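Heads up: the structure comes next, in structure tokens.
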Amino acid sequence: MWRLREFHDEDLDQAIRVWDQSRKSDEPSPVFSVSEVMAAARAGQPVVVAVVGDELVGMAVAQAQGERAWVLLVALAARWRNRGIGSALLTELERRLRGLGVRRVGALLPADATGTKALVNSGYQPRAGFTYYEKVEPHGAADAVLLTELGGQVLPADMWDAVAGMVREKQIIERRIVLPLAQPAMAERYGVLPPKAAILFGPPGTGKTSFAKAVASRLGWPFVELFPSRLATDAPGGLAASLREEFAELAELEAVLLFIDEVEEIAGTRSGMAVDPGHGVTNELLKLIPSFREHDDRLLICSTNSVRSLDTAFLRPGRFDYVLPIGPPDPDARSAIWSRYLGTAAEAIDVSRLVEASEMFTPADIELAARKGGQAAFEREMQYRQGEPATTDDYLSAIADTRPTLTRQALSDFEEDIEHYARL
């Protein structure tokens, strides 16, 4: 018997197979490409899958923005059609969308495509009298293949707006990084050189990775993350050679935002000893950055929780244009973050009390506490069926049960790092 569950990253290959099976041979190309759909799924947009045992047999994905959402995909494995799975997927997808405040859900599908029957059965009404227009900018097929091989993705276009709160950090990143790259002619007119590389530093969980993805989303550039821990240590030439090969492949892309998290793993302070295993890979990275900077439509963003542990040569201005602090959210930012994760439930919650109680919380901590509070209310409703919504006390209890990432010492160290290392 089939069942519904969350989408996992390891479902990607099966999801693409189901996508292929669900399309008819003479069916027009879908409005939303497989890369857009999978990018939305992996970026946290509403998605639900149907499985039989370990086999993925169906999938539905939506993309929400404000009160409007679009169903990007309803796909079913060929031998599991006409069993009510499509309607069940849509019902669960709609439940999740309602939790985000969505009121209008639309879908653009070829006539008689897989999923149209489920849409009609679920109460969707076809609307006549509209013509779909589209203009596709040229994009090299080789880039798409290479991007897949590199584990990269083209992110949804609304990720910048989805970064809640953190107004000061957003303004700095937008003015220093995004606008000169998005408006190169205007930047040149005023003698502003578009940045090629930047470092984001701050305590864990403050949103450095989210900001990097949001910049890629805003620019419309592919996002590729290089994981230092995944570099091949057993390759001929070791870590340094593996790093060099990664950069060589990246050079073939027309545009890219390369993100290296926890960069201190490959750019830590060198001991001065040639036998130091980190010495060679740090030297290699220092050599690669200048060549990376020579090309247009390239941006390197590195992030670290410990900027003071980075090699001094790595931090100098010739390699990185900016070294930007990403700190913990202030009260206004915490209020915005809480409101985002509470969704429509925020209307019945005293958010100001949550903001005060979560003083030492990062955005990631707030997300965890919000999920705990909602889960507690959900379980209570499942047990007693009294129709009571989540309460402020539910979330206050969740806050008390969540260990904050930040400490006074961490904040003190961060302030010192801003004074010594920040370059705005």
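Bear in mind that the values in this text are calculations on the coordinates, not laboratory data. Since this is a predicted model, take the numbers as computed values, not measurements. As a convention, Cβ positions derive from the backbone with ideal geometry for all residues, glycine included, and neighbour counts pool all protein chains shown.
Scan segment 127-206 for GluC sites (Glu not before Pro) in coil per DSSP, keeping those whose Cβ has at most 16 other Cβ atoms within 10 Å, and list them by number.
Taking segment 127-206 and a limit of 16 other Cβ atoms within 10 Å, the loop GluC sites (Glu not before Pro) found are E134.
Please return the longest stretch of the chain lacking exposed loop sites, where chymotrypsin sites (Phe, Trp or Tyr not before Pro) count only if DSSP places them in a loop and at most 10 other Cβ atoms lie within 10 Å.
191-424
Between 0 and 90 degrees, rounded to the nearest ten: what's the tilt of helix 363-384 against the longest Cα principal axis of the chain?
20 degrees
Cα-Cα pairs above 19 Å in segment 331-400: how many percent?
That tail contains 24 percent of the Cα-Cα pairs.
Using a 7 Å offset from the Cα along the Cα-to-Cβ direction at both S306 and E347, what is the distance between the two label points in nm, to one decimal?
Here the modelled spin labels are 4.8 nm apart.
Can you give the net charge of the other residues whose Cβ lies under 14 Å from the Cβ of A400, counting K and R as +1 and D and E as -1?
-3
Summarise the long-distance tail of P(r) for segment 147-299 by giving the % of C-alpha pairs beyond 23 Å.
41 percent
When the helix-only estimate is applied to the chain (DSSP H runs of n ≥ 4, each -39,500 (n - 2.57), divided by the residue count), what is the mean residue ellipticity at 222 nm, nearest 500 deg cm²/dmol?
-12500 deg cm²/dmol
With springs only between Cα atoms under 10 Å, which of A370, A128, A88 fluctuates most in a Gaussian network model of the chain?
So, out of A370, A128, A88, the one fluctuating most is A128.
Which of K287, K213 comes first, and how do the rest follow, when ranked by fewest Cβ neighbours within 10 Å?
Result, fewest neighbours first: K287, K213.
Would you mind calculating the gained length between D296 and Y421 on full extension (0.36 nm times residue separation, minus the Cα-Cα distance), in nm to one decimal?
Once the chain is fully extended between D296 and Y421, it gains 42.3 nm.
So what is the orientation-averaged projected area of segment 244-397, using the convex hull of its C-alpha atoms, in nm²?
Average projection, Cα convex hull of segment 244-397: 13.6 nm².
Once both labels are modelled 7 Å past Cα along the beta-carbon direction, what's the A144-R230 spacing in nm?
Computed distance between label sites A144 and R230 equals 2.2 nm.
Using the 2.2 N^0.38 Å rule of thumb for compact globular proteins, work out how the chain stacks up: its C-alpha Rg over that value, please.
Output field value: 1.08.
With a Cα-only, solvent-free Debye model of segment 3-121, what are the log10 I(q)/I(0) values at q = 0.09, 0.10, 0.13 Å⁻¹?
Each listed q corresponds, in turn, to -0.20, -0.25, -0.43.
May I ask for the angle, rounded to the nearest 10°, between helix 238-250 and the longest principal axis of the chain, with both axes built from Cα atoms and the value confined to 0 to 90°?
60 degrees
Compute the helix-to-body angle for 408-421: its Cα long axis versus the longest principal axis of the chain, expressed 0 to 90° and rounded to tens.
It works out to around 60 degrees.
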